[in-house]
Amino acid sequence: MNGRIDYTERLARVTAYIHDHLDDPLDLNRLADVACLSAYHWHRVYHALHGETIAATVKRLRLHRAAGDIAHTSLTMQEVARRSGYDNLQSFTRIFKSVYGLPPAQYRERGSHAAFRPAAGSASGPVDHEVTIVMRPELQAAGVEHRGSYMEIGRAFATLYGRLAARGAMPQAMRSIGLYYDDPAVVEAAALRSCACVVGDAAVGDAAAGGAGLPAVRIAGGPYAVLRYRGPYATMHGAYRWLYGDWLVRSGREAADAPVLEEYLNDPRSTPPPELLTDICLPLQQ
């Protein structure tokens with residue numbers, strides 16, 4: 001068991017390195033050094049534990065960041081392409097369209113984030129998004145804390161999944177939930193606090209209770225306002241702005257003293273980004 005846990009710790013260093021060096025060329029030998037594992041075999045272990053190859057991880061993370069840049073910044077497409085590792089804009093456009101369904105310039109205007117764009121002459125967005133009030137039970141989860149940009153909570157989820165897989169505790173049916181404690185509008189990105197959580201069968205609870213660097217996390221129950229977002233994780237900023245700045249102020253409800261959470265309803269490793277489903281859950285006072 002100790003040997004398997006050591007593998008997860010070594011590969012967690014690889015995950016952190018990838019997130020910190022997305023702008024650098026992918027060098028498998030360098031990643032083998034980071035993992036302190038054989039250059040011939042370490043990536044097979046990574047693939048087995050994380051469910052995708054290193055190349056697929058890097059491509060997914062770079063395009064994830066690119067979608068956020070396109071949706072929420074004024075960077076030119078050439079700048080986004082270079083930041084994503086493509087010197088050729090045509091190559092970037094082709095790859096982006098194959099994954100996101102639209103070329104980058106059209107995605108900026110018509111991507112899923114556009115539905116939450118404020119109406120002309122109005123400080124608030126459109127009012128036709130469906131929000132449901134649901135009673136969520138209190139949940140006990142295994143979690144990995146993350147400090148830094150919310151865009152990078154994926155590294156905490158990668159660590160969490162790897163540790164569960166190494167202990168044989170990855171459930172057949174599990175729920176992945178992110179807890180977000182701070183407002184990114186007022187807290188510097190480096191200081192933002194969040195937690196990647198998995199709720200599943202008894203094996204998950206045993207893994208948290210048994211240590212392995214997986215603390216047990218309580219997720220508060222009670223009434224939540226739930227807005228279902230379809231699209232990439234990187235483009236949800238407008239949905240949050242609408243939920244807080246439009247729906248909440250009109251609803252007559254008050255937010256509870258608990259963190260907002262996101263429940264991820266499908267797997268980003270196998271789901272096209274435009275089809276990702278996320279429930280944004282805002283806790284409400286009783």
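The values are calculated or read from the model by the stated rules, or taken from the named source; none is laboratory data. For clarity, every value in this text was computed on a predicted model and none was experimentally measured. All Cβ positions, glycine included, derive from the backbone under ideal geometry; neighbour counts span all protein chains shown.
A few remarks follow.
- Residue 67 being part of a helix (DSSP H, G or I) and either within 24 Å of residue 150 (Cβ to Cβ) or in contact with a Lys or Arg (Cβ under 9 Å, 6 or more places away or on another chain) (or both): yes
- The stretch 48-59 residues that are at pLDDT 80 or above, paired with ones that are in a loop (DSSP other than H, G, I, E, B) (beta carbon under 6 Å, 6 or more apart): 51/269; 52/269; 58/26
- Residue under evaluation residue 47, criteria (1) under 29 Å from residue 112 (Cα atoms); (2) assigned to a helix (DSSP H, G or I), criterion not met: (1)
- Tabulated pairs, the stretch 188-212, first not assigned by TED's automatic domain parsing to the domain that holds residue 168 and assigned to a helix (DSSP H, G or I), second hydrophobic (A, V, I, L, M, F, W, C) and at pLDDT below 65, C-beta under 9 angstrom, 6+ apart or interchain: none
- The set of residues in the stretch 186-227 being modelled with pLDDT under 85 and under 19 Å from the mean Cα position of the chain (by Cα) consists of 200, 214.
- Qualifying residue in the stretch 23-43 (condition: outside the structural domain of residue 233 (by TED's automatic domain parsing) and either within 18 Å of the chain's Cα centre (by Cα) or closer than 19 Å to residue 113 by Cβ (or both)): no
Okay, residues lined up against (1) surrounded by 15 or more Cβ atoms within 10 Å (Cβ to Cβ); (2) at pLDDT below 95:
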position	(1), (2)
110	no, yes
113	yes, yes
121	no, yes
125	yes, yes
128	no, yes
131	yes, no
134	no, no
139	yes, yes
142	yes, yes
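So that you can scan it fast, the table gives a plain yes or no per residue for (1) closer than 22 Å to residue 273 by Cα; (2) buried (at least 16 other Cβ atoms within 10 Å of the Cβ); (3) at pLDDT below 90:
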residue: 32; (1), (2), (3): no, yes, yes
residue: 41; (1), (2), (3): no, no, yes
residue: 44; (1), (2), (3): no, no, yes
residue: 61; (1), (2), (3): yes, yes, no
residue: 79; (1), (2), (3): yes, no, no
residue: 87; (1), (2), (3): no, no, yes
residue: 95; (1), (2), (3): yes, yes, no
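- Scan of the stretch 236-252 for residues that are crowded, with 16+ Cβ neighbours inside 10 Å and basic (Lys, Arg), ordered by number: 241
- Some residue of the stretch 75-93 being in contact (Cβ under 8 Å) with a residue 24 or more places away in the chain and among the acidic types (Asp, Glu): no
- In summary, residue 240 fulfils each of the numbered conditions (1) under 30 Å from residue 164 (Cα atoms); (2) at pLDDT below 95 with the single exception of condition (1).
- Filtered residue count, the stretch 236-262, keeping only those that are more than 28 Å from residue 55 (Cβ to Cβ), touching a Gly at 6+ places or on another chain (Cβ under 8 Å) and outside any helix (DSSP H, G or I): 3
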